[in-house]
Amino acid sequence: MRHSISLNDLPQWSPWPARLLGINPFSVSARTIEKVDSEYDKDKYAKCLEFYLHSEHALTPDDVKWTEFSSDASAEVCISEGNALFVTTLGEGLSRYYDLIVNTMEQALENCKTIVELGAGYGYNLWMLKQRMHHQVRFLGGECSANAIQLASLLYKNRVEGNYPVSVLPFNFYDAHSYSFLDSEDSPMVIFTSHSVEQCPRSAMILDSLFRYREKIKAVFHFEPCFEAYDQTLLGLMRHCYAEVNDYNRDLLSELRMRSYIRILNLQPNVFGINPLNPTSIIKWEFVS
């Protein structure tokens with residue numbers, strides 16, 4: 001059961017207020033491709049793959065997810081809804097986040113033929129969506145981590161409900177050629193990202209690369225922190241500093257708004273945060289015909 005807490009209680013649940021105030025010194029390097037590779041491929045996903053390879057029994061994607069979080073469902077965490085803070089279990093928090101993804105995209109997915117997640121990791125979000133859908137559709141991910149791609153190939157090779165398994169292919173947000181895996185996929189397609197564009201300090205190339213596929217893309221959903229939507233409350237200012245210190249994306253909304261060929265259909269800022277200083281906003285957009 002969750003309960004409300006005040007902003008004054010946040011330091012009990014996160015080391016970041018003390019870091020942002022300079023009480024506990026902390027430094028991070030620029031969010032380059034090399035840094036992302038070190039943080040995710042060589043660390044997080046390498047550990048997940050090792051766990052899978054050395055397990056004595058068959059593992060599900062859920063088993064791997066809990067290893068990724070290095071915790072269990074009963075662990076207490078601080079979450080956010082807008083500017084309100086709550087304490088709940090990690091299991092409840094993650095369940096709410098995955099419900100948010102499904103419920104937000106549900107209607108758009110009904111008539112599409114291909115669902116693509118860019119920055120898909122080992123494909124957990126795609127697998128989760130596949131469990132909840134009742135019509136045939138291709139579930140495809142793009143990911144830069146070789147360890148995550150290998151893990152996905154092992155996790156889903158024997159899980160082929162319907163005509164297609166979940167597939168994760170090599171992809172790099174900053175490499176325009178790597179978007180070419182979309183060439184052979186059936187349309188209409190829905191593209192989404194989940195806390196992956198945040199790893200790209202600048203988003204212009206992402207939008208420009210997707211423009212090539214504007215005739216195939218029905219809608220794009222971003223479940224991402226939105227720097228430009230942070231307000232001037234103390235929590236909003238801390239979120240602002242958190243994004244800057246970590247060199248997360250800070251221009252997605254402005255890049256979308258400056259393109260006349262893009263129409264923003266839905267913008268919901270700071271809807272939910274497993275990390276209250278890095279909350280998920282929802283942005284839905286489409287290409288203008």
Practice task
Name the most mobile residue of H222, H54, H135, meaning the one with the largest mean-square fluctuation, in a Gaussian network model of the chain with Cα contacts below 10 Å.
Solution key: H54
Exercise for the section: With a cut-off of at most 16 other beta carbons within 10 Å, and DSSP calling the residue loop, which GluC sites (Glu not before Pro) in segment 1-90 qualify? Please list them. Expected result: E56
Practice task
Let me have the 222 nm mean residue ellipticity of the chain computed from DSSP H runs of 4+ only, each contributing -39500 (n - 2.57), with the sum over all residues rounded to the nearest 500.
Solution key: -9000 deg cm²/dmol
Problem - Average accessible surface area per residue within segment 24-127, 1.4 Å rolling probe, Å² - result: 48
Fill in the blank from the handout: Given the candidates Q150, F171, V87, the one whose Cα lies deepest towards the positive end of the charge dipole of the chain, counting +1 at each Lys or Arg C-beta and -1 at each Asp or Glu C-beta, is F171
Practice task
Calculate one ³J(HN,Hα) per residue across segment 94-109 by plugging θ = phi - 60° into the Karplus curve 6.51 cos²θ - 1.76 cosθ + 1.60, and present them in order as whole Hz with x for glycine and proline.
Solution key: 5, 4, 5, 5, 5, 4, 4, 4, 5, 5, 5, 9, 3, 5, 5, 7
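How much net charge surrounds S70 when only the other residues with a Cβ under 12 Å from the Cβ of S70 are counted, with Lys and Arg +1 and Asp and Glu -1? Display every interim value, and only then the final one.
Working: positive: K44, K47, K65; negative: D43, E68, D72.
Around S70, the charge tally is 0.
If you add up the charges near D186, with Lys and Arg at +1 and Asp and Glu at -1, over every other residue whose beta carbon is less than 9 angstrom from its beta carbon, what do you get? Walk me through the numbers on the way to the answer.
Working: positive: K113, R138, K216; negative: E185.
So the surrounding residues net to +2.
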Fill in the blank from the handout: PRE zone check, label point 7 Å out along Cα-to-Cβ of E286, amide N under 14 Å, scope segment 196-218, hits 214-218
Handout entry: Surrounding net charge for P225, when Lys and Arg each add one and Asp and Glu each subtract one, Cβ distance under 14 Å
Key = -4
Practice task
Place a +1 charge on the Cβ of each Lys and Arg in the chain and a -1 charge on the Cβ of each Asp and Glu, then give the dipole magnitude about the Cα centre in debye, rounded to the nearest 20.
Solution key: 500
Handout entry: Charge-dipole axis of segment 1-147 as Lys and Arg at +1 and Asp and Glu at -1 on Cβ define it, positive-most pick from W66, P17, L140
Key = L140
Handout entry: Rounded percent of accessible protein surface that carbon and sulfur make up, segment 1-106, 1.4 Å probe
Key = 52
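Averaging sequence separations of C-alpha pairs under 8 Å and six or more residues apart, then dividing by the length of the chain, give the relative contact order as a whole percent.
19
Out of the GluC sites (Glu not before Pro) in segment 166-275, which ones are loop residues according to DSSP with at most 12 other C-beta atoms within 10 Å?
E215
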Problem - Label-reachable residues, segment 60-89, where backbone N falls under 18 Å from a point 7 Å from Q12's Cα toward its Cβ - result: 75-81, 84-89
Handout entry: Estimated distance in nm for a label pair at T88 and D72, the labels positioned 7 Å out from Cα along Cα-to-Cβ
Key = 2.1
Practice task
Specify the residue with the greatest mean-square fluctuation among S145, S194, S27, computed from a Gaussian network of the chain linking alpha-carbon atoms under 10 Å apart.
Solution key: S27
Problem - Assigned charges on the beta-carbon of Lys, Arg, Asp, Glu; segment 13-115 dipole about Cα centre (debye) - result: 420
Exercise for the section: Return the whole-Å distance between the Cα centroid of segment 43-88 and the Cα centroid of segment 161-210. Expected result: 24
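Per the 1.4 Å probe, what fraction of the accessible area of segment 186-244, in percent, lies on carbon and sulfur atoms? Walk me through the intermediate numbers first.
Values: 1200 of 2160 Å².
Roughly 56 percent, rounded to a whole number.
When the dipole is taken about the Cα centre of segment 160-229, and only Lys, Arg (+1) and Asp, Glu (-1) are charged at their Cβ, what size is it in debye, to the nearest 20?
140
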Problem - For segment 161-250, accessible area per residue (1.4 Å probe, heavy atoms of protein chains only), Å² - result: 40
Problem - Within segment 89-129, backbone nitrogen closer than 17 Å to the virtual label 7 Å beyond the Cα of H3 toward Cβ - result: 89-90
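The values are calculated or read from the model by the stated rules, or taken from the named source; none is laboratory data. Just so it is clear, the model here is predicted, and its values are computed rather than measured. So basically every Cβ, Gly included, is an ideal-geometry build from the backbone, and we count neighbours across all protein chains shown. Heavy atoms of the whole protein, side chains included, go into the accessibility calculation; ligands, DNA and RNA do not. Shrake-Rupley method; radii C 1.70, N 1.55, O 1.52, S 1.80 Å.
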